[in-house]
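**Student:** Right, I'll just put the structure down here and ask away after.
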């Protein structure tokens, strides 16, 4: 009986979403491997073909954000897709992306001088249907600018990520979601000394037609793992030889 | 198709040019002179001066004796060649193959050009009229061979078009000099009373060769067309070139766009038939006042997509200043490559880097932001972190080296390591805490050291001992100590990156 109820409620929710003007992004749902987190999204699917905004206050958090996006790109770039990373002051180190299952040579980097150019280049790139994702690093983005980006993806169904580095003003934007990723202390496996797998505090501050929430997520053995889930027994892919 | 040539002769090239530069000289008697063996020799004389009997080659002192008020202007060696070059480039609006014919002429190969102006007479008339308007007195002729075309302005009735194959008839009344013979041969012919070409042309060839040498026969054959003569064009003709002359000069941006689109369509149609694509294209706009404006674009992959190429040009069109108007557009493709055969797909699969739309996007980005803003990275066989990746521009370049995953590398790498203050307990131990940008970080967990030696065959400097550390807030850093532990001396510590 409760299962039946849940199905009815889910059906009703879908109808409400339709009435609210939320359109399903075709039938190309991508499993991000986020597990329980997907329940927060509308229709329980990660919104592809939309703009996601990530805010970060410090360089450490930008690194955490880049790691989390790396995990998302891993799913988006399955099947050989390419993406573009646009920035004015890029510090991303391509070899590290291999840890997140991405072929670093499939990323195209565009280094520009002005933020205005970054937004222009993002808009151009988001109109290109051959890309899997577009990532732009900017400090601030106005509502108008984000609206332009959103309109661009509505045609092409490309997923866009905006990383707002060291941004302090959180204005309203047309982005579908707003995330904040911060680092969490890692836990070394089996009580060994040293630094463990990347672990983050993932805050979904805003999500259109969804439910915001906070999760602790670790990137291990090539996938996201929510912290209160039991650890997989699969052997780690990475054999670290340090020292 | 029979080849056709036009020869243009400027009888007063230097003086006409000078009058164009300084109109006040128009009615004056003046000469251009050059020093020669300690005296000044006249190289060109104005029409007024010529009427008084001053000729080329006369000493300036003699000329002064004839006209007291004669103006003498210094001539620069090579000036006439420069003027001819400029005129030759100007003449590209009539035909792509133009050449100078020193000291005072131009040669144009006009095969298949005249009909665009509505016939050979009209075409030649147009050339003469345009040059006369500019201010040059010219005589011009058109014929099947360079030799015949050269002779008409200088020795025949002008402007004259010799119909195809009738150059022999025209030669009959001309003096021997019309054959471009050396002056010694001409003199000998004159002495023998052969004052017209018709009087010796019927002689047996062996006789002519014995008396006047091989050159005589060669020039004769070049005149009649038995011997081929090549023209050395001023600007090499691109094999992929399209031209669009305009009836009325174009002055608006819309007009330029229409012209460009039409040129691109014809060029791309030709390229796609030959399964080629262009890598770079140049649009040249010939303006009414003789100046040339040009736009250049480049593409990352061979392309014959009209819309894409038009978009690349589009943003640059506003930089053209048409002034009085543009009367000829020329689109050239200096760099053309074979195009990769493209498999048409029914569905839009994310094709990765092979996707043409990505290549076109990058062309657009580079077109606006300049070269060098877009690149990818491939692994390089270096341990030194800064060198472990190498930037590449091409989308299709591949390498045999694979990415290393056995060492931890930070997701954010600072372009320059930044110095930090560190308290480390004993040699080779990770630091206990460090100060970065004024903030103290307590180290909770650490891995390391990983020693990376500098590559002495490439650079000077000490090795680095890298540590992965995690502070009390959970942030992870990549720190290193430069060089060996040396007891009492303080050590240089740096932060080099952030882990995810």
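The values are calculated or read from the model by the stated rules, or taken from the named source; none is laboratory data. This structure is a prediction, so every number in the text was calculated from the model and none was measured. Glycine gets a Cβ as well: all are built from the backbone with ideal geometry, and neighbour counts include every protein chain shown.
**Student:** Identify, from the list A:143, A:161, the residue that is under 18 Å from the mean Cα position of the chain (by Cα), under 17 Å from residue A:55 (Cβ atoms), away from chain B (no Cβ under 11 Å) and in contact (Cβ under 8 Å) with a residue 24 or more places away in the chain. Give the steps one after another, and end with the answer.
**Tutor:** Numbers: A:143 fails: under 18 Å from the mean Cα position of the chain (by Cα).
Within the list A:143, A:161, the selection yields A:161.
**Student:** For the stretch A:57-75, indicate whether the set of residues that are modelled with pLDDT under 85, in contact with a helix residue (DSSP H, G or I) (Cβ under 7 Å, 6 or more places away or on another chain), within 14 Å of another protein chain (Cβ to nearest Cβ) and surrounded by 15 or more Cβ atoms within 10 Å (Cβ to Cβ) is non-empty. It would help to see each step written out before you state the result.
**Tutor:** Of the stretch A:57-75, the ones modelled with pLDDT under 85 are none.
No, the conditions are met nowhere in the stretch A:57-75.
**Student:** Follow-up question, since we're still on this one. Return yes when residue B:385 is over 30 Å from residue B:302 (Cβ atoms) and either at the interface with chain A (Cβ under 7 Å from one of its Cβ atoms) or free of Cβ contacts under 8 Å to residues at least 40 places away in the same chain (or both) and no when it is not. Walk me through how you get there before you give the answer.
**Tutor:** On the way: over 30 Å from residue B:302 (Cβ atoms): yes; either at the interface with chain A (Cβ under 7 Å from one of its Cβ atoms) or free of Cβ contacts under 8 Å to residues at least 40 places away in the same chain (or both): no.
Spelling it out, it is not the case that residue B:385 is over 30 Å from residue B:302 (Cβ atoms) and either at the interface with chain A (Cβ under 7 Å from one of its Cβ atoms) or free of Cβ contacts under 8 Å to residues at least 40 places away in the same chain (or both).
**Student:** Turning to a different aspect of this structure: Could you list, in sequence order, all residues of the stretch A:146-156 that are closer than 22 Å to residue A:89 by Cβ and within 11 Å of chain B (Cβ to nearest Cβ)?
**Tutor:** none
**Student:** From the set of residues in the stretch A:104-116 that are at the interface with chain B (Cβ under 7 Å from one of its Cβ atoms) and without any contact (Cβ under 8 Å) to a residue 24 or more places away in the chain, which is nearest to residue B:499 (Cα to Cα)?
**Tutor:** Taking the candidates together, the pick is A:104.
**Student:** Could you tell me which of the residues B:79, B:71, B:137 is touching a helix residue (DSSP H, G or I) at 6+ places or on another chain (Cβ under 8 Å) and free of Cβ contacts under 8 Å to residues at least 60 places away in the same chain?
**Tutor:** Exactly one residue qualifies, and that residue is B:71.
**Student:** In this structure, is residue A:101 at the interface with chain B (Cβ under 7 Å from one of its Cβ atoms), on the phi > 0 side of the Ramachandran plot and surrounded by fewer than 21 Cβ atoms within 10 Å (Cβ to Cβ)?
**Tutor:** No, not satisfied.
**Student:** Right, something else. Just to be sure, is residue B:448 in contact with a helix residue (DSSP H, G or I) (Cβ under 8 Å, 6 or more places away or on another chain) and within 11 Å of chain A (Cβ to nearest Cβ)?
**Tutor:** Judged against the criteria, residue B:448 is not a match.
**Student:** Sticking with this one: Is there any pair linking a residue in the stretch A:175-190 that is within 8 Å of chain B (Cβ to nearest Cβ) and in contact (Cβ under 8 Å) with a residue 40 or more places away in the chain to one that is buried (at least 20 other Cβ atoms within 10 Å of the Cβ) and part of a loop (DSSP other than H, G, I, E, B), with Cβ under 7 Å and at least six apart or on different chains, and which?
**Tutor:** Hits for this filter: A:183/B:475.
**Student:** Restricting attention to the stretch B:434-444, and to residues there that are closer than 18 Å to residue A:186 by Cβ and surrounded by fewer than 20 Cβ atoms within 10 Å (Cβ to Cβ), which single residue is nearest to the other protein chains (Cβ to nearest Cβ)?
**Tutor:** Only one residue tops the list, namely B:444.
Okay, residues lined up against (1) under 57 Å from the mean Cα position of the chain (by Cα); (2) assigned to a strand (DSSP E or B):
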residue	(1), (2)
B:428	no, no
B:431	no, no
B:442	no, yes
B:454	yes, no
B:457	yes, no
